[in-house]
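For reference, the structure discussed in these notes is given below.
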Amino acid sequence: MNSNKFIILPVFHTAFICFIFLLFPLCASAAWHDSDWSYRKKITVQAGQVTGTQLNFPMLINTVDPDWRDIANGGKMGQSDGGDILFTSSDGTTRLAHEIENYDNVNGQLVAWVNVPSISDGTVIYMYYGNSSAADQWDIENTWNSNFAMVQHMQETSGTHFDSTSNGNDGSPYGGVTQNAAGQIAGSDDFDGSNNYVAIQNLNYNSPGQINALTVCVWFNTSFGGAGWTNNWALVDFDRSEYYNFFVYGDTGELGFATAASGIVDMRGSAPANDGQWHFGCIVFDSSDVNDKKIYLDGTLDSQQDAYSTGTNLGTGTTRYGFIGDGSEASTFNGSRNNLYFDGLIDEVRISDVARSAGWIAASYYNQNSPGSFYNIGGEENESNTRYWVGGSGIWSDNNNHWSTTSGGSAGATIPGTGSTVIFDLNSGGGTCTLDGNVSIAGFNMQSGNTTTVDTSASNFALTVSGDFTISAGSFSANASIITIEGDWTNNAVFAPGTSTVTLDGTNQNISGSTTFYNLSKSVTGAATLTFDSTGLQTITNALTLNGAGGGGLLSLRSNTVGEQWDIDPQGTRNISYVDVQDSNNINATWILAVNSEASGNNTGWYFGNHQIDIDNDGTAEVAMDADDNSENGYEVFMDPDCPAPGPGKICSSSVLSTDGDRDSKTDHFIDTSGDATPEKLWDPDEYITRDIELIDVNRDGSDEWVYDSDNNGTFDFAYSPSGSRFIDPFGIVFDSATNNKIAGAVVTIYRSATGIPAVPGTDLAPGDVNPVVTGANGAYGFNTAPGDYYITVTADGYSYPFEPGSKTFDTGRTICVNNAAAGYPSAACQGQYGSRGEVFSVSTVITMDHPLDPTYNLIKLTKKANKTEATTGDIVTYTITIESKTTTDLKNVYITDKIPPAFKYITDRAILDDRKTDNPQGQRPVTFNIGTIKAGQKRILKYQLIIGSGVTFSKYENSAWATYSNGTRISNVAAEEVKIIPDPLFDLGTVIGKVFIDRNENGVQDGSEFTVHGSQSEEQSTVNGETGLANIQIMTEEGTIITIGKDGKYHLAGITPGRHILRIDERTLPEGTYLTTDKAVIIDITPGIIRKVNFGINKRQNRETEDRDQNSELRTQNSDNEQSGWFTVYRS
């Protein structure tokens, strides 16, 4: 997004209204910016995200919202580039500058930065959209105030990285930097550690003591280590010995901050950050601070240093330009460097000429690391659907007398519906509004100054609000209604609960003020947060239900002010599970029991325990018991309350094997819930979780093992052999190192290390084992080995083993047995052994060991053909790419990247995959097609069309394509096809026409009555002009082309290249007794697409009526034909 336009649109109407009513109810709710915008959403900063108040804070909005797709893709965005997006402060009218880093009109993803003048927990801003006629609303430069010296988002996929500030400190990539890598926020740059870097334009330091304050922040991802400490320079460098260098130590991976003032001072952080994960690093210099140098890692102070005496500024005065990805020695732009080079990914580089506070850096990290936790987006609001209650008392459905589109306006508006925001205000007229049926609306707001009572009547009507529910004045009588709220709940007036049920049905919600509820409920299926007002009290007289989800999807209960308790008084039943509670004060005498929950501190009156789960899905939870009163070895047994004779180790009559199923030295239970003597579940009562068991013959001995994912990380990690009454050892998964997908058809062979020959079933392995094992679709392998030393090799079509480099990291669910402590390897289940790269390991206890295989360029074979080998400007070329799997496993998330030649353009909606229309590719040059899954051995056909633009030259243009995974890993050969661009005879070349005629009067123009000579025979002819043409005479060009005149004396020569050419008549082919009356050689200038005309005249000697022409006459210029355009030059022979 390169536009810097900032359009000021009129907002006088709402501002004027608020002025008239001052702080009266009409302005209690945020006014609407402009009626040209159809929609808006409220964005609220969540509790615990911002320390104190931060000023001019660039807040990241990074969200996928179906409403934010453009209209053509089923959404409500007015413009396909997001140009109608507009942000305001909490008043709904004051514009906030913003920059759009990325907008996807197809899926509704928006990555934008908004300058929030003052931000803290609870800050509200609005985002407007849905204005197809609006000018572009972004204001890039004002998003970043003058304290920012440079902001590079690194999202450009090629070419210059643009500085978003007004300073023009752009970045120029060199050395083949990969610019389309996946980033922390949008795109990033992938530096290869060999010759990649980005040179920073314009920004340079050139004065002694020039820097008194500085902050540099970068997102980075590197796994480099084990080399010299300078070998991974640099993140951002302006010369360590002249100004400063921000880098990652090449030996052990900590952040580094080197500076030059009264000497060079190096500073090393305390925590390694070279684990192959994204990290947010910042360095801060403040000459006025005693600890003038600070390093922050992931929003937290990592280390600080008193480097210089207070008041000492940085800089020697030597001119230095900066680099991203290498060290600087440059006195000019892109000058000398250290050639040390950073190895890894870099995203979002910012340089500020102020010292940012710890609060600013922490808020930046929280915002950019997890935007969805930093803010909550409310329901969609629509000004055209706002309904005001007017006319005093009445029933909800009476639109003739009680609903208006304006405050205090005329009644007659339609009854509020699903998209309506309902407002009761100063002009509502008091009285009672009675619900007389079920109501579903977008927002409910009883504003300050209103005196209305809303009564749901005695019936149990349902009120559903997809947005916020607010009672600032008046009263709400709930009776027996069912109230469902998806937004925030605020009550600062009267809410009479009756026997109603209030259900909070959103994800992240807030409860403000104090409310007495009858029933209050919130249950979620994934991680969510419910934030309470620390100054309020929530009383529940009947039933309180707060339920999160298992598997990490806890419902977090938090205070809007971290450290200050929120009060709750549950007076009736409680059903609370899978919650994470912090800063809560239960004022009721009976403690609250939270099952399967976590305590995050500062809680009063809560009890966290009673580990239970409904293992057999009979509606009643089984209860874990510590039979030996030893908490260190966990829960040994459980009891089923529905069992006639509950007891240890069983559910009624179902058989159970109790053993340590996840090697944590605590008892787990294999449970048969169906009574078929085969377990379906593994229950870990200490973790209060169950895991499904799959039956897989991992060692190919003819009997199934019980295979399961004990830690719920997405991959199998143990296999138990019931026939051998032992765990399979070793056991693991063969998977693709680039995609994490399991590999079928891999051949896994285990060897005795002492002999180097495959282990023998019956001697080294159990008698029924098979060696080698060929993996199935689940990628699993296993062996029942005798104690001893072994190593494993793996082969699979299209893959190489072992994986490279050895420092590579993988998904957390994988069990990787290699020597790489920085990456957390070997994994715990490796039992301290190595072997995932073919190392020797010892079998003495149960080992799980996964084997990653690197994809090669042989996984897929590509061939590419074009439907024509030669083409001209404007032609359409159809390309056909054959995609053939050459491996034994299915390949998922396959993409075809096609490097389109310059001046060729992809034609939208012309892509065909396997004879069916497919989605248009992403990008422009290259383009990327999503192929999806290619099954083992499958052949798929992709066809698409390009049109040849006017910028081509007459040469060969190669179009190359290759297959990749979604992360960019190439898995095929590069297939190329050439198309030769040739001139278009009509538009790119010229044409010459003309005739040879009898020129009796020898004036060079056909204008009299003559006779025609055909070869050696002559005859009288009558023609239009009286002078006739001649046949069989030959004309030659300077290129050797020979033209033979037709019987009518005419000729034409097409397809002549532009430029200067010579036409000469061959006098030897003239009829006997004739001679030329015009010049025998003509020089002409050919222009593309233009026709030139050249005539030659001859005469017969006995008809000569004038003297011989002077054979040495001067050069003359002839107009070839007044009716034809162009000139040519004639030379006398």
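For the chain, the relative contact order is 5 percent, taking Cα pairs closer than 8 Å that sit 6 or more residues apart in sequence and dividing their mean separation by the residue count. Here the peptides 789-802, 441-454 are ranked by packing, the mean other Cβ count within 10 Å, and the order with the highest first is 441-454, 789-802.
Think of the chain as having a plus end and a minus end, set by charges on the Cβ of Lys, Arg, Asp and Glu; of I351, L1063, L297, L1063 sits farthest toward the positive end of this dipole. Evaluated with a Cβ-only charge set (Lys, Arg +1; Asp, Glu -1), the chain carries a dipole of roughly 3220 debye about its Cα centre, given to the nearest 20. If you take all other residues with their beta carbon under 15 Å from the beta carbon of A738, and give Lys and Arg +1 and Asp and Glu -1, the sum is -2. For segment 45-147, the list of GluC sites (Glu not before Pro) that fall in a loop by DSSP and count at most 10 other C-beta atoms within 10 angstrom is empty. DSSP beta bridges fully contained in the chain are about 70 percent antiparallel. If you fit an axis through the alpha-carbon atoms of helix 358-369 and take the longest principal axis of the Cα set of the chain, what angle between them do you get, 0 to 90°, nearest 10? Compared with the principal axis, the helix lies near 70 degrees. By DSSP, the beta bridges lying fully in segment 490-537 are antiparallel in about 0 percent of cases.
Rounded to 0.05, the FRET efficiency of the S950 and T157 pair, given R0 = 22 Å and the Cβ-Cβ distance, is 0.35. Net length available on complete extension from N967 to Q571 is 137.2 nm, with 0.36 nm assigned per residue and the Cα-Cα distance removed. Against the chain, whose longest principal axis comes from its Cα atoms, helix 12-21 is set at around 30 degrees. Projecting the Cα atoms of F257, L214, G276 onto the dipole axis of segment 189-282, where Lys and Arg carry +1 and Asp and Glu carry -1 at the beta carbon, places L214 farthest toward the positive end. Were the residues from N893 through S723 laid out at 0.36 nm apart, the gain over their Cα-Cα distance would be 57.3 nm.
The calculated FRET efficiency for S166 paired with N206, based on their beta-carbon distance and R0 = 30 Å, is about 0.90.
May I ask for log10 I(q)/I(0) of segment 383-613 at q = 0.11, 0.12 Å⁻¹, from a Debye sum over the Cα atoms as equal point scatterers with solvent left out? The calculated log intensity ratios at q = 0.11, 0.12 Å⁻¹ are -0.56, -0.66.
Working note: Karplus 6.51/-1.76/1.60 with θ = phi - 60° gives segment 312-317 the couplings 7, 9, 8, x, 8, x Hz, where Gly and Pro are set to x. Note on K886 and K939: the model spin-label points, each 7 Å out from Cα along the C-beta direction, lie 1.5 nm apart. Could you give the Stokes-Einstein D for segment 12-143 in µm² per second, using the C-alpha Kirkwood radius, 37 °C, 0.692 mPa s? It diffuses with D of about 214 µm²/s by this estimate.
Taking the inverse of the mean 1/r over every pair of distinct Cα atoms in segment 151-211 gives a Kirkwood hydrodynamic radius of 12.5 Å. Roughly how many Å is it from the Cα centre of segment 785-829 to that of segment 305-338, as a whole number? For segment 785-829 versus segment 305-338, the Cα centre distance is 42 Å. For the pair T590 and T451, a Förster radius of 45 Å applied to the C-beta separation gives a FRET efficiency near 0.70, rounded to the nearest 0.05.
For G788, the amide hydrogen comes within under 5 Å of the amide hydrogens of V843, counting only partners 5 or more places away or on other chains and with H modelled in the peptide plane.
Over the chain, all Cα pairs binned in 10 Å intervals from 0 give whole-percent P(r) values of 2, 8, 12, 15, 16, 15, 11, 7, 5, 4, 3, 2, 1, 0, 0, listed from short to long. Put a plus charge on the Cβ of each Lys and Arg, a minus charge on the Cβ of each Asp and Glu, and nothing anywhere else: the dipole of segment 12-143 about its Cα centre is then about 460 debye.
For the pair A828 and D67, label points projected 7 Å from Cα toward Cβ lie 4.3 nm apart.
Taking label points 7 Å from Cα along the Cα-to-Cβ direction, I907 and V562 give a separation of 5.8 nm.
Each Lys or Arg adds one and each Asp or Glu subtracts one; over the other residues with Cβ under 15 Å from the Cβ of N588, this totals -1.
Ordering G788, T749, P826 by Cα displacement along the dipole of segment 745-844 toward the positive end leaves P826 in first place; charges were set at the Cβ atoms of Lys, Arg (+1) and Asp, Glu (-1).
Here, each number is a calculation from the coordinates, and none is a lab measurement. Since the model is a prediction, treat every value here as computed from it, not as a measurement. Cβ sites come from the backbone with ideal geometry, for glycine too, and all protein chains shown count toward neighbours.
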